[in-house]
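Visitor: Mind having a look at this structure? Questions to follow.
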Amino acid sequence: RALASGPAWQSFRARYGDWTAVGNEATASPHRASGRGIALPGFAHDKGAVDRATRGFIAANPELFGAGPSLELVRAENIDQRWYVSYRQRIAGLPVLFADWEFRVGDNGNLFGFGADAQNPAAAAPKGPALAPAAARLAARAGLAFDPARDRVEGGTELAYLPVPAESGVTLRLVTTARVIT
C-alpha cells in the first residue's frame, strides 16, 4: 500500500496510465508491475537495442529505480514474440544477491511489465568477509549429506552483498559465496 499511495508511484501512473504494482516493503520499489504498454524510445529487434531502450526507461524513472543504478545485463532474449530483459544490480562492482531486475517488452517495443527490487548503494558498508575461502567452502556443506567422492564445493572467493532486513528497511552485508554441487 505504501508504494501504491506514495508520490513516486503516483507520478509514474500520472505519466504512464493505470499500472498496478506489488511493492517490496524492504526496498520500497515495485517488485512486480504491469499495465498498458509503454513505448520504449530506441527499441529495435536486437539484443543491444532492447538493452539500451530498457536502460533508457530506467534512467527516465529515477524516483522508482534510483539515480544511475549499476546494472549488469543477464539476458535479453526474444521468446514467443516477447523480450525478456534481466539485470543484476551491482554496488561498488559487487553483485547484490536477490536484487534482480526483470522487464518484459512486446515485439512492438512496448514495455508491459517489470520488477525491480532496487537496493540503495548508501546501505552498503564495504568491509572484508568474515570467512576465509576455505572456511566458506566448509560452511557451505555443513548439515548436508556430503560425499567428497561424488560432491564438490566451488567458490568461496567471490564477494557479494546480501540484503538483510533491518528496522529501517534493508542493510547490505558483504558475504562470500560458495556453491555445493551434488
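Visitor: In whole Å, what are the Cα extents of the range 62-114 along the three principal axes, biggest one first?
Guide: 35, 23, 15
Visitor: Next question. What list of ³J(HN,Hα) couplings, whole Hz, do you get for the range 81-87 from phi and the Karplus terms 6.51, -1.76, 1.60, once you set θ to phi - 60° and write x for glycine and proline?
Guide: Using θ = phi - 60°, the values come out as 6, 9, 8, 10, 10, 10, 10 Hz.
Visitor: Still on this structure, please answer the following. Under the 0.36 nm per residue contour assumption, what length would be gained going from the current alpha-carbon distance of Ala67 and Val180 to full extension? The partial results should precede the final answer.
Guide: Details: separation 113, 0.36 × 113 = 40.68 nm, distance 3.61 nm.
The Ala67-Val180 span can extend by a further 37.1 nm.
Visitor: Quick one: which residues, 5 or more positions from Ile91 or on another chain, have an amide H under 5 Å from its amide H? H modelled 1.01 Å from N in the peptide plane, none for Pro or chain starts.
Guide: Placed amide hydrogens put Val96 under 5 Å from Ile91.
Visitor: In the range 8-84, how does Rg compare with the Kirkwood Rh, expressed as the Rg/Rh ratio over alpha carbon atoms?
Guide: Ratio of gyration radius to Kirkwood radius: 0.96.
Visitor: With every protein chain present, what is the per residue accessible area of the chain (1.4 Å probe, Å²)?
Guide: In whole numbers, the chain has 56 Å² accessible per residue.
Visitor: Would you kindly state how much longer the chain becomes between Ala26 and Asp107 on full extension, computed as 0.36 nm times their sequence separation minus their alpha carbon distance, in nm to one decimal? All intermediate terms of the calculation are to be shown ahead of the outcome.
Guide: Details: separation 81, 0.36 × 81 = 29.16 nm, distance 3.31 nm.
Taking 0.36 nm per residue and subtracting the Cα distance, the gain is 25.9 nm.
Visitor: So if I place +1 on the C-beta of Lys and Arg and -1 on the C-beta of Asp and Glu, and nothing else carries charge, what would the dipole magnitude of the chain be about its Cα centre? I want it in debye, nearest 20.
Guide: Values: 20 positive and 17 negative charges, 28 e Å.
Roughly 140 debye, rounded to the nearest 20.
Visitor: Pick from Thr54, Thr157, Thr171 the residue whose mean-square fluctuation is largest in a GNM of the chain, springs joining Cα atoms under 10 Å.
Guide: Thr157
Visitor: Using alpha-carbon positions, what is the distance between the centroids of the range 71-103 and the range 33-48, in Å?
Guide: If you average the Cα positions of each part, the centres end up 15 Å apart.
Visitor: Moving on to the next point. Suppose we flag trypsin sites (Lys or Arg not before Pro) only when DSSP calls them loop and at most 11 other Cβ atoms lie within 10 Å. Which is the longest uninterrupted stretch of the chain? The partial results should precede the final answer.
Guide: Details: sites that count: Arg1, Lys127, Arg150.
Value returned for the longest uninterrupted segment is 2-126.
Visitor: Right, something else. Step by step: find N for the chain, compute 2.2 N^0.38 Å, then divide the Cα radius of gyration by it. What's the final number?
Guide: Compared with the compact-globule rule of thumb, the chain sits at 1.19.
Visitor: Can you tell me how the range 32-135 classifies by the Cα gyration tensor, rounded, prolate or oblate, using a/c under 1.5 as the rounded cut?
Guide: Note, shape of the range 32-135 comes out prolate.
Visitor: Provide the gained length on full extension for the span Arg152 to Ala134, in nm with one decimal, where the gain is 0.36 nm per separating residue minus the Cα-Cα distance.
Guide: Taking Arg152 through Ala134 to full extension adds about 5.2 nm, to one decimal.
Visitor: Highest GNM mean-square fluctuation, the chain, Cα pairs closer than 10 Å: which of Tyr16, Tyr161, Tyr87?
Guide: Per the Cα network of the chain with a 10 Å cutoff, Tyr16 tops the list.
Visitor: Within the chain, what's the longest stretch lacking GluC sites (Glu not before Pro) that sit in DSSP loops with no more than 15 other Cβ atoms inside 10 Å?
Guide: 26-166
The values are calculated or read from the model by the stated rules, or taken from the named source; none is laboratory data. Remember, it's a predicted structure, so these values are computed and weren't measured experimentally. Please note: Cβ atoms are built from the backbone with ideal geometry, for glycine as well, and neighbour counts cover all protein chains shown. These accessible areas exclude ligands, DNA and RNA; they are computed on the full protein's heavy atoms, side chains included. Shrake-Rupley method; radii C 1.70, N 1.55, O 1.52, S 1.80 Å.
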